[in-house]
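Report on one structure; see the data block that follows.
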Amino acid sequence: MRLNFIKCLAVTATLLCFSSVSFAGSVTSCASAANYSDGTKDFGDATTSTKGGTYGEACHETNAWQQLGSAGANGITNTMNDANSANEGWNGEASQKAVDTGDNGVSWRVADENGVFGAYGQPELTLGQTVEFKFDVTRSQKGTHEFDRLRAWVDWNGEDGFNNSGSSNSASERLITKTWAKNKNSNDKARGVYTTNKNTDLSNKKNRDIFNHTDTFRSYTVTTTIPMDAIVGDTWMRARIVCENSLTTHASNMNLLATGYHDQGEVEDYKLTINARPPTPVPEPTTLLVFGTALIGLVLSRKKAK
């Protein structure tokens, strides 16, 4: 009997090791974060889609080390080189709301019928259209984390609401995932100019001194086609950037989800308007008459020639 108990205990421990449970951290909800509504956090802004999809909260405490878009939005001009600097690029919020004037990290452009892209902006989209999304990120030269991670999602059907089902969000919602190592430049190469800020997280693992790279800004792009079965109307895209230390503390298995709390980083939500494809033009009766007359004339002229 004792042997059976020991075997059972061993099997239970094995299953835990291969489950989605992470001993390094677990997903933290915004509501359980300290000082939830003190007006100092950054929240996602998504409300509801045309089909009524609702969107869970995503929030961050500070973007002093990494953020979406350019530092200095809203007239705040800190350089992000001071880990204790004030937040840049967004104003403190008390809860999820409809508009954040600091959302400046994501833009997109669409291709015309010839496949030529227009300028970046935030244009309306059309079913089946090719669109290129651009994500700008800014990071501090300081910090001892290993990397910063960007991820974005689009609720194409307007119903899922970025739900955190299972260990990750729906693969059909994920638009992009990018990781930028702290000691790499904007082209992911370990060369160039480095700061004097020794990165203890990286150095300890490689048993040598490793320093952060001086590059602080880069852009990522991803091209996709709007699904033909996507919602016609308004839906939402969400983008987040966090650091490795925040993932260790507030995410199971280092998995960045669309909802929940991360102390470091930023979240930005964008409303997407998707239009139906215009109907194929039908020739007008006058056009058909002219074409028919010309065709008859051509036939008669050939007969006379014979």
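Would you confirm whether or not segment 79-89 contains a residue that is touching a Cys at 6+ places or on another chain (Cβ under 8 Å), of a type outside the set (Ser, Thr, Tyr) and at pLDDT 70 or above? There is no residue in segment 79-89 that is touching a Cys at 6+ places or on another chain (Cβ under 8 Å), of a type outside the set (Ser, Thr, Tyr) and at pLDDT 70 or above. When ASP269, ASP188 are checked against the criterion of being farther than 30 Å from VAL99 by Cβ and in contact with a Phe, Trp or Tyr (Cβ under 8 Å, 6 or more places away or on another chain), a single residue qualifies: ASP188.
Could you please let me know if ALA64 is touching a strand residue (DSSP E or B) at 6+ places or on another chain (Cβ under 9 Å), small (Gly, Ala, Ser) and either at pLDDT 85 or above or part of a loop (DSSP other than H, G, I, E, B) (or both)? The answer is yes for ALA64. Among the candidates ALA190, ALA152, ALA230, ALA258, the residue that is under 29 Å from ASN35 (Cβ atoms) and either among the polar types (S, T, N, Q) or in a loop (DSSP other than H, G, I, E, B) (or both) is uniquely ALA258.
Annotation note: Cβ proximity below 6 Å between a residue of segment 41-70 that is over 24 Å from GLU146 (Cβ atoms) and a residue that is among the aliphatic types (A, V, I, L, M) and part of a strand (DSSP E or B) (sequence gap 6+ or interchain) occurs for GLY44/ALA58; GLY44/VAL267. Name the residue that is farthest from THR221 (Cα to Cα), counting only residues in segment 91-100 that are part of a loop (DSSP other than H, G, I, E, B) and under 21 Å from the mean Cα position of the chain (by Cα). Among those residues, the one meeting the criterion is SER95.
Could you list all residues from segment 126-149 that are in contact with a Ser or Thr (Cβ under 7 Å, 6 or more places away or on another chain) and aliphatic (A, V, I, L, M)? Of everything in segment 126-149, just one residue is in contact with a Ser or Thr (Cβ under 7 Å, 6 or more places away or on another chain) and aliphatic (A, V, I, L, M), namely VAL131. In segment 29-56, which residues are of a type in the set (Asp, Glu) and either in contact with a Pro (Cβ under 9 Å, 6 or more places away or on another chain) or surrounded by fewer than 21 Cβ atoms within 10 Å (Cβ to Cβ) (or both)? Matches in segment 29-56: ASP38 only. Please verify whether GLY39 is modelled with pLDDT under 90, touching an Asp or Glu at 6+ places or on another chain (Cβ under 9 Å) and within 19 Å of ALA98 (Cβ to Cβ), treating the condition exactly as stated. Taking the combined requirement at face value, the residue satisfies it. Would you pick out the residues in segment 104-149 that are part of a loop (DSSP other than H, G, I, E, B) and within 20 Å of TRP180 (Cβ to Cβ)? Listed by number, the residues that qualify are ASN104, GLY105, SER140, GLN141, LYS142, GLY143, THR144, HIS145, GLU146.
Residues that are within 30 Å of ILE274 (Cα to Cα) and either among the acidic types (Asp, Glu) or surrounded by 17 or more Cβ atoms within 10 Å (Cβ to Cβ) (or both) within segment 197-219 comprise just one, ARG218. Within the option set ASN275, ASN199, ASN212, ASN245, being in contact with a His (Cβ under 6 Å, 6 or more places away or on another chain), of a type in the set (S, T, N, Q) and modelled with pLDDT of 90 or more holds for one residue only, ASN245.
Contact map, segment 132-147: first residue on the phi > 0 side of the Ramachandran plot, second residue crowded, with 19+ Cβ neighbours inside 10 Å and part of a loop (DSSP other than H, G, I, E, B), Cβ cut-off under 6 Å, separation 6 or more or different chains; pairs are GLY143/TRP65. Among the residues of segment 148-162, write down those that are over 15 Å from ARG240 (Cα atoms) and modelled with pLDDT under 85. Residues satisfying the conditions are ASP160, GLY161. When ASP103 is tested against the conditions (1) within 20 Å of the chain's Cα centre (by Cα); (2) more than 20 Å from VAL242 (Cα to Cα), the lone failure is (2).
The values are calculated or read from the model by the stated rules, or taken from the named source; none is laboratory data. Just so we're clear, the structure is a prediction, and the values are computed from it rather than from any experiment. With ideal geometry, Cβ positions are generated from the backbone for all residues, glycine too; neighbour counts draw on all protein chains shown.
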